[in-house]
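Trainee: Handing you a structure now.
The values are calculated or read from the model by the stated rules, or taken from the named source; none is laboratory data. Predicted, not measured: the structure shown is a model, and the values here were computed from it. Don't worry about glycine lacking a Cβ; one is built from the backbone with ideal geometry, like all the others, and counts go over all protein chains shown.
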Amino acid sequence: MQVSVENTSALERRMTIGVPAERIETEVNMRLQQTARKAKIPGFRPGKVPMSVIRQRYEDGARQEALGDLIQATFYEAVVEQKLNPAGAPSVEPKTFEKGKDLEYIATFEVFPEFTVAGFESISVERLSADVADSDLDNMLEILRKQNVSFEVADRAAQNEDQLNIDFVGKIDGEAFAGGSATGTQLVLGSGRMIPGFEDGLVGAKAGEERVLNLTFPEDYQNLELAGKTAEFTVTVNTVSAPTLPELNETFFKQFGIKETNIEGFRTEVRKNMERELRQAIKSKVKNQVMDGLLAANPIEVPKALLENEVNRLRVQAVQQFGGNIKPDQLPAELFEEQAKRRVELGLIVAEVVKQFDLKPEDTRVRELIQEMASAYQEPEQVVAWYYKNEQQMNEVRSVVLEEQVVDTVLQKASVTDKAVSYEEAVKPVEAPQAD
């Protein structure tokens, strides 16, 4: 087998492979002999069909099959011989494809980029620290009460946080528009569910009252056909219901699957969950800063094949998340390219850090992570046992631990500043940068 390689770009390789005719004929003959043993042809007993007849009937198919298998096999042999690491399937173009002659074909493909991860010292990380104060716990209990609020019909004017049952008809230029009308819908004033001005316009309304609201859809409204347009909504208030917060009692506690029946025990359980959320939030923010730093310090070229695969994966995720009748390939690739590029780059960089520092998931950390996740359940021992019996889940946990070890490796050389903050600030999501 003859092999030559041409570098057509930083990552693309054009490999010419020659396969001797003798190897091809050996493969073809082997397939014909296999066919001869089981071929059923009128006038001949099974296994007694002359090879000349077998060749006449089956040689073309056997040759095509042999050539396909040989291309696959010799491509693998060639990349091993040339010490190449393909990043996707090759595009194959035959140069010679004639019976009795050597097979020669060209395989064009991309390889994984070769690089060394560096620049750890240039990475700056702000590591937050916080505690769950009693006031934070009190705020959380109030949030839980509001999430479980009930409503009772009230004979008074509507206030913020009241629930209204309403009918409404929306019109633009005097004509009703799709999705602009509803009957018997429940709306909590101040929830921000409707466009700006809609809920404010119903404050002070009473049951049986009709109000006309002239409002403008936001310029960035999700329905582009309505964005920036002015609409008139005629709203009829059917009922006004006032909110009633639940008492912190045994009935309330049971809604959260907590065995404790007193306020002290409930506060303890809620505090544990808040502390778990706090640890995860701090760890996540540190990780994001490390990953951003690695990307900035190690610009690499991404193989197109890997980028396309990641775009397609994100398309499928989007369809699964939002549903509808749309197919993944109907979503524009541009919607996912930036996110896909970041993921692929980070995947390559993280893998190289693992390789450079010979990192392996530590069993102790794997066990600690499983126990941490299991602690959120009522029967943590059963959850731990389930993980250890499920190899796929264990591999996912090991991947998370390995990524954490990558972060720790970077932090040893990065510039790290510790900052004490409140619980609320520590768990607050990082805002995405605004586009110019």
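Trainee: What pairs come out if I take residues in region 245-262 that are touching a residue at least 24 places away in the same chain (Cβ under 8 Å) and pair them with residues that are of a type in the set (Phe, Trp, Tyr) and surrounded by 13 or more Cβ atoms within 10 Å (Cβ to Cβ) whose C-beta lies under 6 Å away, six or more apart or interchain?
Mentor: Close Cβ pairs (under 6 Å, with a partner that is of a type in the set (Phe, Trp, Tyr) and surrounded by 13 or more Cβ atoms within 10 Å (Cβ to Cβ)) amount to PRO246/PHE252.
Trainee: Shifting gears a bit: If I filter region 177-221 down to residues being touching a Ser or Thr at 6+ places or on another chain (Cβ under 9 Å) and of a type in the set (D, E, K, R), which single residue comes out as nearest to GLN163 (Cα to Cα)?
Mentor: GLU199
Trainee: State yes or no: is VAL290 of a type outside the set (Lys, Arg), surrounded by 13 or more Cβ atoms within 10 Å (Cβ to Cβ), assigned to a helix (DSSP H, G or I) and touching a Pro at 6+ places or on another chain (Cβ under 7 Å)?
Mentor: No, not satisfied.
Trainee: Right, ALA207: in the same structural domain as ASP167 (by TED's automatic domain parsing) and either among the charged types (D, E, K, R) or loosely packed, with under 14 Cβ neighbours inside 10 Å (or both) or not?
Mentor: no
Trainee: Just name the residue that is nearest to the chain's Cα centre (by Cα) out of those in region 299-339 that are assigned to a helix (DSSP H, G or I) and within 19 Å of VAL111 (Cβ to Cβ).
Mentor: Ranking the qualifying residues of region 299-339, first place goes to GLU310.
Trainee: Shifting gears a bit: Specify which of the listed residues (LYS171, LYS146, LYS101) is at pLDDT below 95, among the basic types (Lys, Arg) and over 30 Å from GLN82 (Cβ atoms).
Mentor: The unique qualifying residue is LYS146.
Trainee: Still on this model: Scan region 261-272 and give yes if some residue there is loosely packed, with under 15 Cβ neighbours inside 10 Å, modelled with pLDDT under 95 and of a type in the set (Phe, Trp, Tyr), otherwise no.
Mentor: Within region 261-272 (the criterion being loosely packed, with under 15 Cβ neighbours inside 10 Å, modelled with pLDDT under 95 and of a type in the set (Phe, Trp, Tyr)), the answer is no, since none of the residues qualifies.
Trainee: Quick one: VAL416 ticks every box in (1) of a type outside the set (Ser, Thr, Tyr); (2) over 30 Å from LEU314 (Cβ atoms); (3) assigned to a helix (DSSP H, G or I) except a single one, so which number is it?
Mentor: (3)
Trainee: Do we have any residue at all in region 216-230 that's crowded, with 17+ Cβ neighbours inside 10 Å, part of a loop (DSSP other than H, G, I, E, B) and not polar (S, T, N, Q)?
Mentor: Within region 216-230, one or more residues are crowded, with 17+ Cβ neighbours inside 10 Å, part of a loop (DSSP other than H, G, I, E, B) and not polar (S, T, N, Q).
Trainee: Taking the criterion of being part of a helix (DSSP H, G or I) and free of Cβ contacts under 8 Å to residues at least 24 places away in the same chain, would at least one residue in region 419-427 satisfy it?
Mentor: no
Trainee: List, please: which pairs have Cβ atoms under 8 Å, are six or more places apart or on different chains, and start with a residue in region 144-168 that is in the same structural domain as LEU189 (by TED's automatic domain parsing) and end with one that is of a type in the set (Lys, Arg)?
Mentor: Qualifying pairs under 8 Å: ARG156/LYS206; ALA157/LYS206; ALA158/LYS206.
Let's see how each residue does on (1) among the hydroxyl-bearing types (Ser, Thr, Tyr); (2) under 22 Å from the mean Cα position of the chain (by Cα):
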| position | (1), (2) |
| --- | --- |
| SER284 | yes, yes |
| LYS341 | no, yes |
| VAL350 | no, yes |
| GLN356 | no, no |
| GLU372 | no, no |
| SER375 | yes, no |
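Here is a yes/no grid of residues against (1) surrounded by 16 or more Cβ atoms within 10 Å (Cβ to Cβ); (2) of a type outside the set (Gly, Ala, Ser):
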{"site": "ILE71", "(1), (2)": "yes, yes"}
{"site": "THR74", "(1), (2)": "yes, yes"}
{"site": "VAL79", "(1), (2)": "yes, yes"}
{"site": "GLN82", "(1), (2)": "no, yes"}
{"site": "PRO86", "(1), (2)": "yes, yes"}
{"site": "SER91", "(1), (2)": "no, no"}
{"site": "PRO94", "(1), (2)": "no, yes"}
{"site": "TYR105", "(1), (2)": "yes, yes"}
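Trainee: Could you count how many residues in region 149-167 are assigned to a strand (DSSP E or B) and among the small types (Gly, Ala, Ser)?
Mentor: 1
Trainee: Within region 254-272, track down each residue that is within 22 Å of TYR423 (Cβ to Cβ), of a type outside the set (Val, Ile, Thr) and assigned to a helix (DSSP H, G or I).
Mentor: Those that are within 22 Å of TYR423 (Cβ to Cβ), of a type outside the set (Val, Ile, Thr) and assigned to a helix (DSSP H, G or I): GLU264, GLY265, PHE266, ARG267, GLU269, ARG271, LYS272.
Trainee: Looking at GLY170, GLY204, GLY192, which one is in a strand (DSSP E or B) and of a type outside the set (A, V, I, L, M, F, W, C)?
Mentor: GLY170
Trainee: Shifting gears a bit: Please name all residue pairs, on different chains or six or more residues apart, with Cβ atoms under 9 Å, provided the first residue is in region 353-378 and is more than 17 Å from ARG279 (Cβ to Cβ) and the second residue is of a type in the set (Ser, Thr, Tyr) and surrounded by fewer than 17 Cβ atoms within 10 Å (Cβ to Cβ).
Mentor: GLN356/THR116; PRO361/SER399
Trainee: Please work out which residue is surrounded by the fewest Cβ atoms within 10 Å (Cβ to Cβ), limiting yourself to region 297-307 and to residues that are touching a residue at least 12 places away in the same chain (Cβ under 8 Å) and out of contact with any Leu (no Cβ under 7 Å at 6 or more places or on another chain).
Mentor: LYS304
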